[in-house]
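Undergrad: Dumping the structure here so I can ask a few things about it.
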């Protein structure tokens with residue numbers, strides 16, 4: 001019993017990071033992912049604030065799940081999430097004003113972020129507080145990773161280097177030159193990537209990579225499932241043929257054997 | 001505001017500016033979820049656009065006065081996000097109620113998309129952006145109207161493009177969403193051509 | 001205006017808006033769909049296209065390998081049956 005609970009905890013934490021990544025696999029929350037990823041610092045800040053909002057809302061909704069009647073659960077979730085977003089906005093405006101002015105409206109748009117509402121309705125509604133907590137942290141880490149990857153490519157290709165210290169001003173200002181070396185004439189940066197078009201391009205290419213990996217996994221699963229099903233059907237046919245052969249002469253068995261041999265050979269060819 | 005230019009011209013220029021130059025989907029990145037989701041059906045795309053237009057214009061009409069005449073005088077401006085989302089959600093339900101009861105034709109046209117508009121970033125983004133930037137009432141309404149028309153234009157054009165895209169043999173990994181996003185990137189670059197149209201003053 | 005009055009007004013506005021939302025929400029759920037439109041209410045492609053969940057059955061990009069395998073096996077089965085019936089006819 002204890003192992004089941006522990007494995008459920010691990011499952012809800014790990015699945016949000018890679019296997020069911022909210023941005024790349026479930027395709028949710030794409031609006032901030034394209035808009036705030038012009039620099040890796042703002043993407044990281046957005047991911048942090050997103051994780052905070054998701055965590056608080058998941059825990060509170062999981063605590064209140066028995067008190068809210070079924071009919072009115074959507075309005076209540078919206079109010080809870082909006083309350084936490086307002087609190088986050090006020091904290092950010094006070095302690096990280098550069099991040100607040102960079103993110104702009106997208107901090108308020110966390111209220112209608114599909115991931116936060118989706119996790120509340122699909123997971124926090126039915127699971128314990130501990131599971132909801134771990135699920136929120138897992139999804140937050142997954143989303144932050146996803147938008148940081150997009151922001152890394154957009155910033156590196158668009159401005160030529162990674163700059164830190166502009167938004168999180170307590171860090172020393174430092175530019176890591178990758179494509180643009182300030183002392184020399186080398187400048188291979190392409191400014192289209194920090195424009196709006198670049199967001200679409202990088203996101204499309206990232207999704208193509210993810211789709212390629214998924215397709216490979218899916219073909220393997222498909223071929224395995226097919227072989228299994230054909231073997232089951234062949235076994236049923238053999239049993240039926242045996243029952244028929246017990247009453248009738250031998251040729252029926254020979255045709256049944258030939259019919260079994262062909263589908264299995266075909267799937268083996270497809271697998272290669 | 002330039003005193004030599006009549007107000008109606010400024011209003012129309014503001015509509016054009018938020019419709020084409022700062023397009024809501026391609027430049028401000030607001031309605032991406034529904035933009036990708038509608039796919040290759042122009043009729044569904046137009047219905048979705050119609051629903052977004054309705055809700056955006058009504059929400060902007062109601063939310064700006066609430067902020068200026070209720071929240072600001074009472075010195076509780078931090079309640080804006082909460083108020084806006086509740087107003088938008090209630091408007092969606094009330095409009096849906098009226099359409100269900102009194103107009104089956106409109107319900108067939110866009111009624112089923114109405115509940116999905118509550119979580120559309122475009123509506124809340126426009127309304128919150130209006131008060132965050134401190135625009136006047138006329139400019140807020142121009143922003144909302146321009147956003148709505150821009151959304152409809154882009155989503156309908158995109159659905160027609162996707163019908164064509166399905167006829168070609170794209171590489172397997174790009175099929176579906178990835179090639180749609182790259183096409184949207186090209187559309188975004190095309191819309192950059194509008195950027196010099198309205199002189200910003 | 002003293003602080004506690006502001007907070008009280010904020011909570012009051014919140015409660016009023018929430019009440020309006022909940023009432024309209026419940027009324028919307030309870031009104032029946034107009035007569036010609038019942039077919040739109042069932043889960044269909046038109047409804048799910050606006051949403052983005054790729055695990056939803058009606059999403060354009062739904063991709064389940066086990067189901068596709070089942071479909072292919074069933075197709076092969078029907079073809080075999082057709083070939084058998086043709087052989088019997090000949």
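The values are calculated or read from the model by the stated rules, or taken from the named source; none is laboratory data. From a predicted model like this one, the values you see are computed outputs, not experimental measurements. Glycine gets a Cβ as well: all are built from the backbone with ideal geometry, and neighbour counts include every protein chain shown.
Undergrad: Which of the residues that make up segment B:121-157 are within 14 Å of chain A (Cβ to nearest Cβ) and outside any helix (DSSP H, G or I)?
TA: Correct list: B:133, B:134, B:135.
Per-residue answers, yes or no, for (1) surrounded by 12 or more Cβ atoms within 10 Å (Cβ to Cβ); (2) more than 9 Å from every other protein chain (Cβ to nearest Cβ); (3) at pLDDT below 85:
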| residue | (1), (2), (3) |
| --- | --- |
| C:1 | no, no, yes |
| C:21 | yes, no, no |
| C:26 | yes, no, no |
| C:75 | no, yes, yes |
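Undergrad: Right, here's the next one. Taking segment A:95-132, which residues are surrounded by 19 or more Cβ atoms within 10 Å (Cβ to Cβ), more than 17 Å from the chain's Cα centre (by Cα) and not in a helix (DSSP H, G or I)?
TA: Result: A:96, single match.
Undergrad: Considering only residues that are under 16 Å from the mean Cα position of the chain (by Cα) and more than 13 Å from every other protein chain (Cβ to nearest Cβ), which ones fall in segment A:12-42?
TA: Residues satisfying the conditions are A:12, A:13, A:14, A:16, A:17, A:18.
Undergrad: Right, here's the next one. Report yes if some residue within segment A:175-194 is within 14 Å of chain B (Cβ to nearest Cβ), within 29 Å of residue A:16 (Cβ to Cβ) and under 21 Å from the mean Cα position of the chain (by Cα); otherwise report no.
TA: No; the residues of segment A:175-194 include none that is within 14 Å of chain B (Cβ to nearest Cβ), within 29 Å of residue A:16 (Cβ to Cβ) and under 21 Å from the mean Cα position of the chain (by Cα).
Undergrad: Here are some conditions: (1) touching a residue at least 12 places away in the same chain (Cβ under 8 Å); (2) surrounded by 19 or more Cβ atoms within 10 Å (Cβ to Cβ); (3) closer than 23 Å to residue A:126 by Cα. Residue A:36 meets all but one. Which one does it not meet?
TA: (3)
Undergrad: OK, next. In this structure, does residue A:157 turn out to be touching a helix residue (DSSP H, G or I) at 6+ places or on another chain (Cβ under 9 Å), free of Cβ contacts under 8 Å to residues at least 24 places away in the same chain and more than 13 Å from every other protein chain (Cβ to nearest Cβ)?
TA: When the stated conditions are applied, residue A:157 does not pass them.
Undergrad: Hey, any hits in segment A:232-248 for a residue that's modelled with pLDDT under 85, loosely packed, with under 13 Cβ neighbours inside 10 Å and not in a helix (DSSP H, G or I)?
TA: Scanning segment A:232-248, I find at least one residue that is modelled with pLDDT under 85, loosely packed, with under 13 Cβ neighbours inside 10 Å and not in a helix (DSSP H, G or I), so the answer is yes.
Undergrad: Please state which one of A:175, A:184, A:159, A:128 is assigned by TED's automatic domain parsing to the domain that holds residue A:47, at pLDDT below 90 and under 23 Å from residue A:77 (Cα atoms).
TA: Unique residue meeting the criteria: A:128.
Undergrad: Just the residues that are more than 13 Å from residue B:153 (Cα to Cα), buried (at least 24 other Cβ atoms within 10 Å of the Cβ) and away from chain A (no Cβ under 14 Å), please, taken from segment B:31-59.
TA: B:51
Undergrad: Please name all residue pairs, on different chains or six or more residues apart, with Cβ atoms under 8 Å, provided the first residue is in segment B:36-49 and is on the phi > 0 side of the Ramachandran plot and the second residue is surrounded by fewer than 23 Cβ atoms within 10 Å (Cβ to Cβ) and part of a loop (DSSP other than H, G, I, E, B).
TA: Listed by first residue and then by second, the contacts come to B:39/C:60.
Undergrad: Moving on. Among the residues in segment C:31-45, are any at pLDDT 70 or above, within 18 Å of residue A:71 (Cα to Cα), more than 16 Å from the chain's Cα centre (by Cα) and assigned to a loop (DSSP other than H, G, I, E, B)?
TA: yes
Undergrad: Assess whether residue A:29 counts as being touching a residue at least 24 places away in the same chain (Cβ under 8 Å), under 23 Å from residue B:23 (Cβ atoms) and buried (at least 19 other Cβ atoms within 10 Å of the Cβ).
TA: yes
Undergrad: Sticking with this structure for a sec: Picking from B:183, B:170, which residue would you name as being more than 9 Å from chain A (Cβ to nearest Cβ) and surrounded by fewer than 19 Cβ atoms within 10 Å (Cβ to Cβ)?
TA: B:170
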